[in-house]
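Inspection log for the structure reproduced underneath, given as structure tokens.
Each value in this text was obtained by applying a stated rule to the coordinates, not by laboratory testing. Predicted model only: the values in this text are computed from it and were never measured. Glycine also receives a Cβ, built like all others from the backbone with ideal geometry; neighbour counts cover every protein chain displayed.
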Amino acid sequence: MNTPFPIEDRVQDHYACPNLADAIRTGLKTAGKSLEDVTTRDLAAVDQLHTGGPKATIDLIKKAGLTETQTILDAGCGIGGTTRLLAQHFHLQVTGIDITPDFIRTARTLTQWCNMDKDHTIDFHLGSVLNMPFSDRHFDAVICQHILMNIEDKPKALAQFHRVLKPGGTLILHEITDGPGPDPLMPVPWGSTPATSFVPTWELFNTQLEETGFNQIHFSDETQNAADWWNRVNTIRKKNGIPPVNTGLIFGPMADHFGPNLEKNFSTRAIGCIEAILTKPD
Ligand SMILES: C[S@@+](CC[C@H](N)C(=O)[O-])C[C@H]1O[C@@H](n2cnc3c(N)ncnc32)[C@H](O)[C@@H]1O
């Protein structure tokens, strides 16, 4: 009997990128940046692996009403773009966790380059959100941004978020949902094939959130904004070309398809993009 590769292996294979920091260093050099003067802004075209870039994150966190020095978990932090943004822009104490070893290694390196590794407000862990090493009731908030598409057992992930949140804590979601349109075009950033893609309808996802014990305080269907955002990205790229620091450094030539496919997938409602803020009751 054939045993399919566990999903964790498929996800790590999809994102594997052993020399990513070197590739980003070369891209920065081509863009005229030296490592001495790298800022989070210089990395945004490669370290924000979600629709809407840093602005989407900033707008969403403002809605969540978090206060300085609160603790937040960046669940599935990738190479740490949102982790650094939350520490820098909102002065939160941020812990990033991700299952992809190359990403956690790169997240630490990029954080050093940005001179953000010494103030003890950022911490990265290698591991799965399905089995987290953090104690119960540890965090004031959890942000989960474009990661659940890679997770088949969503109730298990949601139970973990609920466990590590303090009573009254906040779950912030910026996620992809299944839509009423045609099958999505692949590849997309979370999968070259459907083997790593598990996109639920919002109705199912919302039921799972309720069953876990979360109360919703904000919901927004961002699908049209997502289609418009990718349209702008694609238009700028057609006009100016692809900048030297870009997601192709992670995904290779496959990344050339992401912008066109995502614009089409959002505009045909093959997939949706949602934002939601929920609380764990006291
Ligand atoms: C599309 S990327 C988004 C990264 C980041 N949240 C961002 O917006 O830049 C999805 C991330 O989820 C991570 N991931 C997938 N399954 C995971 C799991 N079970 N536990 C932790 N991280 C996971 C992947 O390694 C990848 O870094």
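Odds and ends about this structure:
- On full extension, the segment bounded by A195 and D13 gains 64.4 nm, given 0.36 nm per residue less the C-alpha separation.
- Local electrostatic count, F198, Cβ distance below 10 Å [Lys/Arg +1, Asp/Glu -1]: -2
- Counted charge near Q48, where neighbours are those whose Cβ lies closer than 11 Å (Asp, Glu -1; Lys, Arg +1): +2
- Ranked from largest, the principal axis spans of the Cα set of the chain equal 51, 47, 44 Å.
- In the chain, the DSSP beta bridges split such that about 45 percent are antiparallel, to the nearest 5.
- Ranking S267, I277, L35 by how far each Cα lies toward the positive end of the dipole of the chain (charges on Cβ) leaves L35 at the top.
- Neighbour-count ranking [beta-carbon atoms within 10 angstrom, fewest first] of D102, D183: D183, D102
- Shape of the range 1-89, Cα gyration tensor, a/c cut at 1.5: oblate
- Aspartates and glutamates with Cα under 19 Å of K239, excluding same-chain neighbours fewer than 8 positions away: D228, D256, E263
- Between the alpha-carbon centres of the range 160-207 and the range 31-63 there is a gap of 22 Å.
- When each of K156/K264; K55/K166; K238/K264; K55/K156; K33/K238 is checked by Cα-Cα distance, pairs over 25 Å: K156/K264; K55/K166; K55/K156
- Stokes-Einstein translational diffusion, the range 56-215 - Kirkwood Rh over all Cα pairs, 0.890 mPa s, 25 °C, in µm²/s: 151
- Using only side-chain charges placed at the Cβ, +1 for Lys and Arg and -1 for Asp and Glu, the dipole size of the range 61-169 relative to its Cα centre rounds to 180 debye.
- Amide N of the range 153-179 lying under 11 Å from the label point, which is placed 7 angstrom from the Cα of F219 along Cα→Cβ: none
- For the range 209-282, the direction-averaged projected area of the alpha-carbon convex hull comes to 7.0 nm².
- Based on the Kirkwood approach, the hydrodynamic radius assigned to the range 132-264 is 16.8 Å, with every pair of different Cα atoms included.
- Test item: Cα-centred dipole of the range 17-120, Lys/Arg +1 and Asp/Glu -1 on Cβ, debye: 160
- Cα-based reach from K62 at 18 Å (exclusive), listing aspartates and glutamates while leaving out same-chain residues under 8 positions away: D74, D140, E175, D221, E222, E275
- log10 of Debye I(q)/I(0), alpha-carbon scatterers only, for the range 112-171 at 0.20 Å⁻¹: -0.86
- Each peptide in 80-86, 261-267 receives the mean, over its residues, of other Cβ atoms within 10 Å, and ordering these scores from highest gives 80-86, 261-267.
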